[in-house]
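The values are calculated or read from the model by the stated rules, or taken from the named source; none is laboratory data. Just so it is clear, the structure is predicted and the values come from calculations on it, not from any experiment. FYI the Cβ positions are ideal-geometry reconstructions off the backbone, even for glycines, and counts take in every protein chain you see.
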There are 2 protein chains.
Amino acid sequence: MTFFMPDIIRRKRNGDRLKADEIQELIRRYAEGDIPDYQLAALLMAVFFRGLDGDELDAWTDAMLHSGEVLDLSDIPGIKVDKHSTGGVGDKISLCLAPAVASLGVPIPMISGRGLGHTGGTLDKLESIPGFQIDLSMGKAKKLLADLGIFLIGQTADLAPADKKLYSLRDVTGTVESIPLIASSIMSKKIAEGMDGLVLDVKVGEGAFMTDLDQARELAHTMINIGSGAGKTVTALLTNMDRPIGLTVGNALEMAEAIAVMQGNGPSDTVELTKALGAEMLILGGKAKHTDEGEKAIEQALKNGRALAHFAKVIEAQGGDPGVCEDPTRLPTAREQRPIVADRDGFVRKIHPRIVAQAALEVGAGRRTKEDKIDPATGVKLHAKVGDSVRRGQPVATLHHHDTGAETAAAMLFTAFEISDSMPVQAPLIIEKL
Amino acid sequence: MTFFMPDIIRRKRNGDRLKADEIQELIRRYAEGDIPDYQLAALLMAVFFRGLDGDELDAWTDAMLHSGEVLDLSDIPGIKVDKHSTGGVGDKISLCLAPAVASLGVPIPMISGRGLGHTGGTLDKLESIPGFQIDLSMGKAKKLLADLGIFLIGQTADLAPADKKLYSLRDVTGTVESIPLIASSIMSKKIAEGMDGLVLDVKVGEGAFMTDLDQARELAHTMINIGSGAGKTVTALLTNMDRPIGLTVGNALEMAEAIAVMQGNGPSDTVELTKALGAEMLILGGKAKHTDEGEKAIEQALKNGRALAHFAKVIEAQGGDPGVCEDPTRLPTAREQRPIVADRDGFVRKIHPRIVAQAALEVGAGRRTKEDKIDPATGVKLHAKVGDSVRRGQPVATLHHHDTGAETAAAMLFTAFEISDSMPVQAPLIIEKL
């Protein structure tokens, strides 16, 4: 049969299954500029309504994956493991997790993204370290992986370029929020980077892309299935994103918190997530037999300075100032700080993560559009967590800011806190493992 | 609220109702080239799945209508009535219907389209008359309407240009088959042409766009509602398109059949449709009180030569050779004719209209793409209708062709006929009136 795009669109629209070779051809042709955006846009919307079944998804992901370079890390010994989070507020886990797991002998080829909208990005947080380079050549990155067992870099233009083009189109055509499209986008990039195993942190709740547990579960299952279709082992944790993670939102602030975690301190939820995700990575990497053993190993690596020492080496190798590990005040700091105080006595019943993220965005910690520049020093520091008792007039947060946005951000940040008379019941941080 | 297209797309995708001013703005901006095709394509697919409610449809139609010139025919006396068919195989009804109704005093401002795919177009059939001009200026067309009570022209670039642009996009993005989009496309053009009343021939069955009766009924109701929202009276007949209409498919062949009808002859089904649709037009135009009276008036105009005389005047006024009315052999004729014979004795149980149309297309009677040129002389002449008894070896059809496509077309045409031992039960031609 000849390839005729309007027919392909109509068939998907009508709920028919597309054949693997049709999907391969359409992704390839689109990447090559041979199919116009308007036809892909219509197809993406049809996919939004009709979904993609397992075979279609495997073909779709594979086509995006093979639209560019696929890294071959087979000459580097060990089971290469990566971690991906679907995005949250204050999610700095990768920063302490990756060095901890690498320090225990699991090679970590980590390719991260930038923040957009209400979620932050690992790359931006890494770049808050003076001098840190995230644009390494693949040769250099592979050498780091061989020497240090880790690299922490950004996506190159060569990796899954079809996904990059498709994502830009989804962004402007209302077709981002589709489970098969989200899953194939993430998995094509992750598979292209050459990993053998992947741990997914699928976030659910007010501060996540997925606010519905069933949908988050479906997304996780979809990614697990794509992974196994490509011969990769994928584990997923569904975790609660109904409150900010840890006590900081903003790039250098979050980096400092990650360093604190690797100094054996840090907020308990940040530590809990690091241990839980780290344990799964160690299991996939063959360095732990079960969760308990894995969590203990991560805890030790955080407490005994092994993770931090490893991180210092990565920083140095990627051109940054490793001195931040001993002295986090070498990270950029904001000139202005403004406290937000409780207006009543009571218990913190809720801290709305999206409002906190919005406040951080107002003072320049995030991007509204891809072109925005971020200010690494700005953001929000929380002094109270959900469940804490507070007194009227007590500071519950501090806004770190420069010249713009402080008024609006402070007003927002105040509304992020709900204080009530009774102690709230907290949902568990880690909901389930898939 | 500011206008942000991705939000509009997402809201329609999620089943929200768009506001009238949003729809107006998006159609206006799209027509002006201010919104890219890919965003409209995504929105159109969302509309395919979510539909448009009555208010949305009125706004959508109105925006398309006002994207260009809206004809004002109010200075021409009488209730202006037009007819529109959703398209079929062998549908030459407009050719005999319009002159018949006009000859009875109802002004007919008829703007028709060209054929595409399996359906023919009135314009192509008119152009089979040597010299006939379908591209008249609006001034000239209005003068014809004032003098003769009729014009038969093609859509000008000034009429509903947003619809033209949108239709081209739908054609290549698998978003043609949407009832609200079909209905608003038809109605915006018809309202723009200045008519007061409209009779719709909504075709159902194998040879129509709508193969499902409920869908056809929904389309008819949707158009009636849009019409009444715009202050126009719309009547719809649902008619059977499970067999070719009349005995000809192809431009000059159909024109000859229409002339035969106006000579008081012609196949019974062509005559029946002409009378039924004509009666409704006369009622809308205030020239008949009920169907019976209207049908009798049309029958007389066909039998007494009044319709044909009127047609001759229109042909002459539009630059064509009126001699074809007396001598249809002045129409283009194909050099080659090839009979298709029955391969057994029996009753014609079925003549598949799409296969007949496809055969005609093969020999150049239709267009596969908008750029194709048609051959006015070619096509198919049927010698047997559904229900007729035939004998093995008896010609059931003749292919009129030139140099290309005859082999394939003949093979196809043979398969269009199903012959069985028992007399088939025929569904009525006119299914219902709405």
Per-region count, region A:82-121, residues assigned to a loop (DSSP other than H, G, I, E, B), in contact (Cβ under 8 Å) with a residue 60 or more places away in the chain and either in contact with a His (Cβ under 6 Å, 6 or more places away or on another chain) or under 23 Å from A:Pro244 (Cβ atoms) (or both): 12
Condition (residue is in contact (Cβ under 8 Å) with a residue 12 or more places away in the chain, assigned to a helix (DSSP H, G or I) and within 14 Å of chain A (Cβ to nearest Cβ)) applied to region B:55-78: is it met by at least one residue? no
Region B:208-253: number of residues that are of a type in the set (S, T, N, Q), modelled with pLDDT under 95 and either touching an Asp or Glu at 6+ places or on another chain (Cβ under 8 Å) or buried (at least 23 other Cβ atoms within 10 Å of the Cβ) (or both): 0
B:Ala183 of a type outside the set (D, E, K, R), at pLDDT 95 or above and not in a strand (DSSP E or B): yes
Given (1) surrounded by fewer than 17 Cβ atoms within 10 Å (Cβ to Cβ); (2) within 30 Å of A:Gly149 (Cα to Cα); (3) touching a Lys or Arg at 6+ places or on another chain (Cβ under 8 Å), where does A:Gly15 come up short, assuming only one miss? (2)
Just to be sure before I move on: is A:Leu57 over 23 Å from A:Pro267 (Cα atoms), modelled with pLDDT under 95 and of a type in the set (A, V, I, L, M, F, W, C) in the structure I sent? no
Within region B:297-329, work out how many residues are touching a residue at least 24 places away in the same chain (Cβ under 8 Å), closer than 19 Å to B:Gly154 by Cα and part of a helix (DSSP H, G or I). 5
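To keep it simple, each residue is scored yes or no on (1) outside any strand (DSSP E or B); (2) aliphatic (A, V, I, L, M); (3) on the phi < 0 side of the Ramachandran plot.
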position	(1), (2), (3)
B:Leu159	yes, yes, yes
B:Lys165	yes, no, yes
B:Thr175	yes, no, yes
B:Leu198	no, yes, yes
B:Asp201	no, no, yes
Any idea how many residues of region B:277-294 are crowded, with 20+ Cβ neighbours inside 10 Å and under 23 Å from the mean Cα position of the chain (by Cα)? 10
Does B:Lys92 satisfy the criteria of being in contact with a Pro (Cβ under 9 Å, 6 or more places away or on another chain), on the phi < 0 side of the Ramachandran plot and among the basic types (Lys, Arg)? no
B:Leu97: more than 14 Å from chain A (Cβ to nearest Cβ) and buried (at least 22 other Cβ atoms within 10 Å of the Cβ), yes or no? yes
Please determine whether any residue of region B:126-145 is hydrophobic (A, V, I, L, M, F, W, C), part of a loop (DSSP other than H, G, I, E, B) and within 14 Å of chain A (Cβ to nearest Cβ). no
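Each row is one residue, and each column tells you yes or no for (1) in contact with a Lys or Arg (Cβ under 8 Å, 6 or more places away or on another chain); (2) at pLDDT below 95.
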residue: B:Gly131; (1), (2): no, no
residue: B:Leu136; (1), (2): no, yes
residue: B:Ala146; (1), (2): no, no
residue: B:Gly149; (1), (2): no, no
residue: B:Gly174; (1), (2): yes, yes
residue: B:Glu193; (1), (2): no, yes
Looking at (1) more than 13 Å from the chain's Cα centre (by Cα); (2) under 27 Å from A:Asn14 (Cα atoms), which one does B:Asp201 not meet, given that it meets all the others? (1)
Look at region B:259-290 and say how many of its residues are of a type in the set (Ser, Thr, Tyr) and in contact (Cβ under 8 Å) with a residue 60 or more places away in the chain. 2
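For region A:29-50, enumerate the residues that are among the hydroxyl-bearing types (Ser, Thr, Tyr) and either in contact with a His (Cβ under 8 Å, 6 or more places away or on another chain) or more than 9 Å from chain B (Cβ to nearest Cβ) (or both).
A:Tyr30
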Hey, can you tell me all the residues within region A:359-411 that are aliphatic (A, V, I, L, M) and surrounded by fewer than 16 Cβ atoms within 10 Å (Cβ to Cβ)? A:Ala411
Might you check whether a residue that is touching a Gly at 6+ places or on another chain (Cβ under 8 Å), within 27 Å of B:Leu44 (Cα to Cα) and not small (Gly, Ala, Ser) occurs anywhere in region A:80-87? no
Could you please find all residues in region B:1-21 being in a helix (DSSP H, G or I), closer than 26 Å to B:Ile224 by Cβ and within 14 Å of another protein chain (Cβ to nearest Cβ)? B:Lys12
Residue check, B:Gly393 against (1) more than 26 Å from B:Ala252 (Cα to Cα); (2) touching a Phe, Trp or Tyr at 6+ places or on another chain (Cβ under 9 Å); (3) among the small types (Gly, Ala, Ser); (4) at pLDDT 95 or above, all met but one. Which one? (2)
Quick one: B:Ser184 ticks every box in (1) small (Gly, Ala, Ser); (2) touching a residue at least 40 places away in the same chain (Cβ under 8 Å); (3) surrounded by fewer than 19 Cβ atoms within 10 Å (Cβ to Cβ) bar one, so which box is it? (3)
Any pair with Cβ under 6 angstrom, 6 or more apart, that starts in region B:167-180 at a residue that is more than 8 Å from chain A (Cβ to nearest Cβ) and ends at one that is surrounded by fewer than 20 Cβ atoms within 10 Å (Cβ to Cβ) and part of a loop (DSSP other than H, G, I, E, B): B:Arg170/B:Val176; B:Pro180/B:Gly51
Go through region B:416-425 and report how many residues are assigned to a helix (DSSP H, G or I) and either of a type in the set (Phe, Trp, Tyr) or loosely packed, with under 14 Cβ neighbours inside 10 Å (or both). 0
Being crowded, with 19+ Cβ neighbours inside 10 Å and away from every other protein chain (no Cβ under 14 Å) is the requirement here; does A:Ala157 meet it? no
